[in-house]
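The block underneath contains the structure these notes are about, expressed in structure tokens.
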Amino acid sequence: MKLMKLAMLGAFTVSTAFTSNAVLAQQRVAVNIGSSHPTTNIWAWAMKEVFQPEVDRILKEKGGKYSVQWRENYGGTLYKFTDTRVAVKDGIVDVGMVGTVWEGSTMPLQNVTYFTPFATTNHEMLIEIFDKLNAQVPALRKSWEDQNMVPLSSLITDSYDIYANFPVQNLQSLQNKRINAPGTSANWLRNTGATPVEGALTTYYTNIQTGVTTGALSFASGIGPTRVYEVAPHLTRVDIGAMYFGSVAVNKRFFDKLPKEVQDAFLAAGKATSAAHGKHVTKSATAAMETMKKAGLKITDLPQAEKTRWVDTLPNIVGPWLEANGDGGRAVLKAYFDELRARGVKPLRAWDQAK
């Protein structure tokens, strides 16, 4: 698609406020903020509901020397999900939701969780980890800088499981089944007997309803709103894990031109956005699960022995990713698993030690 550039990047306007003794000049910073998804979506919600008001609050608390004029472009009004990286990189928006999960060739290091399934189901912890890694791991920092972006707040999914029109009692149940597993997640079905099929949350319902597939690998906060449970009334908790999806990021050239006080407000608001995003996903997933259960969703847990069998059956799917990404990939993988273990997590498979 042809992306439309906005006329002014980071324009400053000056407004005046009169008091009985003096005229105070306030610098107003125009910020274009947007996303490919509506603010009802788990990845865009906190941008509107937390990031923007938090920046405003911090600047006001600092004395009000600066204020922000927000120009909102949510819900794909300027670009679609395939262009989230380009939109922020090229300044179509100054701040935006960047789905690195769709950028496997240009931002591969950010996709490490998708090559290391069965690591952790704790999505709030995953946000903490990637806020830290994006800031401290040189290869990740450089990756963002090379794309002319500064990450502000990490985005995640809740844990992936199987939603299907049949019960999954063991790995044998997956034999010859066609399961929606888009992109990298197709790797999670290798050697299971199931056939991965491309798709997205917006296509799962029709795919299953028409027999194109019999189920999907997905997460509660996504399945609930799309009502996929109506055609896939069986949920099998597999605990494939939560995934790092991307970040809310700011165009680096724009960010570098901001006054230090505004930069600091962006960074602090980003941390608040991360915490709020994690809690919002927890709330959304819990609410979705309650709705689905009331609608008749049948929930079972895959036996632990079968989970272990599944992960042990998988080939070394992180190997090709490491070969393609060299020292940077190895550094990111080590840092990620070091952080997991430091928090008491014992991944079902030690992908950082895989041969």
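Rule-based calculations on the coordinates, nothing more; no lab input. Treat the numbers as computed from the prediction; the structure is a model and nothing was measured. Glycine also receives a Cβ, built like all others from the backbone with ideal geometry; neighbour counts cover every protein chain displayed.
Report, ordered by chain and residue number, the aspartates and glutamates lying within cross-link reach of LYS298, taken as a straight Cα distance under 14 Å and ignoring same-chain residues fewer than 8 apart.
ASP161, GLU230, GLU290
Considering only DSSP beta bridges where both residues belong to the chain, give the percentage that are antiparallel (nearest 5).
Among the beta bridges of the chain, antiparallel pairing accounts for roughly 60 percent.
Whose amide H sits under 5 Å from the amide H of SER247, counting only residues 5 or more places off or on another chain, with H placed in the peptide plane?
VAL98, THR100, LEU155
Enumerate the calculated ³J(HN,Hα) couplings along segment 274-290 in order (Karplus 6.51 cos²θ - 1.76 cosθ + 1.60, θ = phi - 60°), each rounded to whole Hz, writing x wherever the residue is Gly or Pro.
My calculation for segment 274-290 gives 4, 4, 5, 4, x, 5, 5, 5, 4, 5, 5, 5, 5, 5, 4, 5, 5 Hz in order.
Under the Kirkwood approximation for Rh and a Cα-based Rg, what ratio Rg/Rh is obtained for segment 216-355?
In segment 216-355, Rg relative to Rh is 1.05.
How compact and how long is segment 37-102, expressed as Rg and Dmax of its alpha-carbon atoms in Å?
Taking only Cα atoms of segment 37-102, I get Rg and Dmax of 13.2, 40 Å.
Mind checking the dipole of the chain: about its Cα centre, +1 per Lys or Arg Cβ, -1 per Asp or Glu Cβ, Debye to the nearest 20?
The calculated dipole for the chain is roughly 140 debye.
Looking at this model, which pairs from LYS65/LYS142; LYS48/LYS80; LYS65/LYS271; LYS80/LYS293; LYS89/LYS260 are more than 26 angstrom apart at the alpha-carbon?
From LYS65/LYS142; LYS48/LYS80; LYS65/LYS271; LYS80/LYS293; LYS89/LYS260, over 26 Å: LYS65/LYS142; LYS80/LYS293.
Which value, to two decimals, describes the C-alpha radius of gyration of segment 136-246 once divided by 2.2 N^0.38 Å?
1.22
Ranking SER153, SER67 by Cβ neighbours within 10 Å, fewest first, what do you get?
SER67, SER153
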